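Accompanying notes for the structure given below.
The values are calculated or read from the model by the stated rules, or taken from the named source; none is laboratory data. Since the structure is predicted, the reported quantities are computational estimates derived from the model, not experimental observations. Quick reminder, even Gly has a Cβ in these numbers, built from the backbone with ideal geometry, and neighbours come from all protein chains shown.
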Amino acid sequence: MQADVLEYYDQMVLSPNRVFFIPAILKVCNFVHTPGQKMVKLTLNRSNVFLRDKFRCPYCYSRENLTIDHVVAGSRGGGWTWDNLVTACAKCNLKKADKSLEEVHMRLVQPPKEPRALNSLNLPPNYKTFRSLTLNRYTPAEWRDYLPKNFPTFHCPSCPSEFRVTGNTKLR
């Protein structure tokens with residue numbers, strides 16, 4: 001696989017006789033498409049529920065303190081299935097507890113369902129990458145023009161105050 005460097009970071013790595021600039025953005029030149037690996041069926045696990053729900057609570061749209069909520073509580077016969085699990089912030093999960101949505105006057109934006117097989121080239125960022133970027137509250141400036149439009153970006157803490165992101169700020 002060949003790649004062109006589109007942008008470099010300002011930092012560099014020094015060796016005894018050379019200077020290496022660190023690539024920030026790579027463009028893959030020769031991608032070999034493998035038909036058998038095109039479609040990916042997601043395994044039901046915590047990370048993939050977060051991916052399916054785009055790391056948002058379906059009750060209040062928060063991205064903070066995410067947990068997994070059973071739509072029908074386990075104590076009421078709800079199972080660990082795609083159509084019974086949603087990403088939920090800790091606050092909404094505690095409010096709902098083991099009650100039904102009707103009992104606590106909450107509603108889902110859309111009912112959960114098993115995701116269809118996904119094109120592996122269009123998979124969202126994995127949970128580890130997402131959490132790394134959101135916990136640090138910083139997305140490198142060099143990446144912003146290349147990330148998907150719906151990807152939450154965070155500005156540098158040393159930027160002017162109008163560009164800072166705080167814990168209460170809604171993500172775009």
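Search segment 54-63 for residues being buried (at least 20 other Cβ atoms within 10 Å of the Cβ) and of a type outside the set (A, V, I, L, M, F, W, C), and hand back the single one that is farthest from K113 (Cα to Cα).
Among residues in segment 54-63 that are buried (at least 20 other Cβ atoms within 10 Å of the Cβ) and of a type outside the set (A, V, I, L, M, F, W, C), the one farthest from K113 (Cα to Cα) is Y59.
Is it the case, given these coordinates, that A88 is closer than 18 Å to E114 by Cα, among the small types (G, A, S) and assigned by TED's automatic domain parsing to the domain that holds E114?
Yes.
I'd like to check something: does segment 64-75 contain any residue that is modelled with pLDDT of 85 or more and surrounded by fewer than 11 Cβ atoms within 10 Å (Cβ to Cβ)?
Yes, some residue in segment 64-75 is modelled with pLDDT of 85 or more and surrounded by fewer than 11 Cβ atoms within 10 Å (Cβ to Cβ).
Farther than 22 Å from D145 by Cβ and modelled with pLDDT of 85 or more: which single residue out of L6, L14 fits that description?
L14
Quickly run through segment 76-97 and pick out the residues that are of a type in the set (A, V, I, L, M, F, W, C) and buried (at least 19 other Cβ atoms within 10 Å of the Cβ).
L85, V86, A88, C89, C92
Would you pick out the residues in segment 40-83 that are in contact with a Phe, Trp or Tyr (Cβ under 7 Å, 6 or more places away or on another chain) and either in a loop (DSSP other than H, G, I, E, B) or among the charged types (D, E, K, R) (or both)?
If the condition is that a residue be in contact with a Phe, Trp or Tyr (Cβ under 7 Å, 6 or more places away or on another chain) and either in a loop (DSSP other than H, G, I, E, B) or among the charged types (D, E, K, R) (or both), then L44, F55, R63 are the ones that fit.
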